Amino acid sequence: MSEYDTRLNRFESAVRLEKADRVCVASLAVHYYFTRIAGISNREAMVDYERRFEAWARETQRLDLDLAPPTVPVPSARQWEIMGVTQYKWPGNGLEDHLAFQFVEKEYLLRNEYDALLANPGDFTVRRLWPRLAEGLSPMAAMPPLHWLSGAAQVVDSLGMLCGMPQVVEMLEKLIELGKETRAYHGAIRKYATEMKALGFPLAYVAVALAPFDYVSDLLRGMRGSMLDMFRQPDKLLAAIDLFTPVVIQSATLIAKSTKNPRVFIPLHRGAAGFMSNEQFERFYWPGLKTLLLGLVEAGLTPMPFFEGDYNPRLQYLAELPAGKIAAHFDIIDRMEAKRVLGDRMVFWGNVPSTLMATGTPEEVRDDVRELIDIFGDSGGLIIDASTGIPDEARPENVAAMVETAHSYGTY
């Protein structure tokens, strides 16, 4: 068996709740940790793709991780700069060079616009939503409703008039520049993935999906808007969730199958305790999330949900999922209760506290990893990682202690 197959087998065996040769060690996400310890600023990491991926490859090999860190968690700032993206702030554009990029939370879909979205989601997205996300896309608001453009003569004439407008010409020039930059960015991604495969490291994932509630809450209504909608207009919120459920399944499936990487990352943002009660979770969050997870499994893919925040009150729901199919990554969880409820259902991934990785000692980290192996190692259903992936502020000696302990203490 090649090194690539050996590492991949460790991960897949853990998901199936089977033992391989040792405990799998894989990070769900690395943002700026690898580049930080390489002396690369966060601003540089978002524009200098080659230096970023060289640092990632070097540290992945040095630590001997079982999966190569995914490229998705750190986007290209150049793409955002070209189009004047307003939905994010990033180092060099509103933030200092050492800070991480940030999502700009707001109501991009206004509370009285549900009907327009539900009636014609494509038209609403192009003509109303896109101009709110990036300054470079503001001319899209001048387009006539898409359903008006049907006959060939009308389409050609209308598009001709539109493309003759100076602001649209400027947008098209930006889009051409964006295309060139995107080719360069994805070329660097392909080079990284190809090199890591040749070195024996499978890429963790390429495809990403959002829970349907998070799709509406994160991208459209904002947390405040979506939480108020649960009380003020629950039926319209649920209709939007139903609208986007097949969309997220189809898009994730397309990306996963086209890249031949069956693992799909699902960051969960609003479903943890503190955001909503179990009753609200049952009505607004769980049906869409469960449908997403089952849809990906049915498509032959491996969902990788990140249960960010406190999911102790939700364990009963997770027990409904098929055994050995879900790569569940946990942040805050009662380990013994998770073992009791889910021990024969799904792998336990993560949960070494990020605070410990950033402020603890190597021995404290070793003790925590040994505890995880003692609790979950009997079934093979364990993957070691920090609770939120390797945090940017982690101490290198603590990261080394986490990996080395898993390698030495976690042999089956």
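Every number here is computed from the coordinates shown, using simple stated rules; none is lab data. Keep in mind the model is a prediction, meaning the values are calculated, not measured. In this analysis, Cβ positions are derived from the backbone assuming ideal geometry, glycine residues included, and neighbour counts consider all displayed protein chains.
Below is a table of values for the structure above.
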item	result
Meets criteria (surrounded by fewer than 21 Cβ atoms within 10 Å (Cβ to Cβ) and among the β-branched types (V, I, T)) for V15	no
Within the range 235-253, considering residues that are polar (S, T, N, Q) and surrounded by 20 or more Cβ atoms within 10 Å (Cβ to Cβ), the one nearest to the chain's Cα centre (by Cα)	T253
Helices (runs of 4 or more DSSP H) within the range 1-79 that include 3 or more residues over 18 Å from N398 (Cα atoms)	3-15, 42-45, 49-63
Any hit, the range 178-194, residues being closer than 21 Å to Y88 by Cβ, among the acidic types (D, E) and either in contact with a His (Cβ under 7 Å, 6 or more places away or on another chain) or buried (at least 19 other Cβ atoms within 10 Å of the Cβ) (or both)	no
Qualifying residue in the range 373-381 (condition: more than 19 Å from L67 (Cα to Cα), of a type in the set (S, T, N, Q) and either in contact (Cβ under 8 Å) with a residue 24 or more places away in the chain or touching a helix residue (DSSP H, G or I) at 6+ places or on another chain (Cβ under 7 Å) (or both))	yes
The range 369-385, subset in contact with a strand residue (DSSP E or B) (Cβ under 8 Å, 6 or more places away or on another chain), part of a helix (DSSP H, G or I) and not β-branched (V, I, T), residue farthest from R10 (Cα to Cα)	L372
Residue match in the range 81-94 (condition: surrounded by 16 or more Cβ atoms within 10 Å (Cβ to Cβ), out of contact with any Cys (no Cβ under 7 Å at 6 or more places or on another chain), assigned to a helix (DSSP H, G or I) and of a type in the set (K, R))	no
Residues (under 21 Å from Y88 (Cβ atoms) and surrounded by fewer than 19 Cβ atoms within 10 Å (Cβ to Cβ)) located in the range 48-69	D48
Residue that is surrounded by the most Cβ atoms within 10 Å (Cβ to Cβ) [pool: residues in the range 255-292 that are of a type in the set (A, V, I, L, M) and over 15 Å from L210 (Cβ atoms)]	M276
Residues (within 24 Å of the chain's Cα centre (by Cα), surrounded by 13 or more Cβ atoms within 10 Å (Cβ to Cβ) and over 25 Å from V74 (Cα atoms)) located in the range 102-124	L109, P121
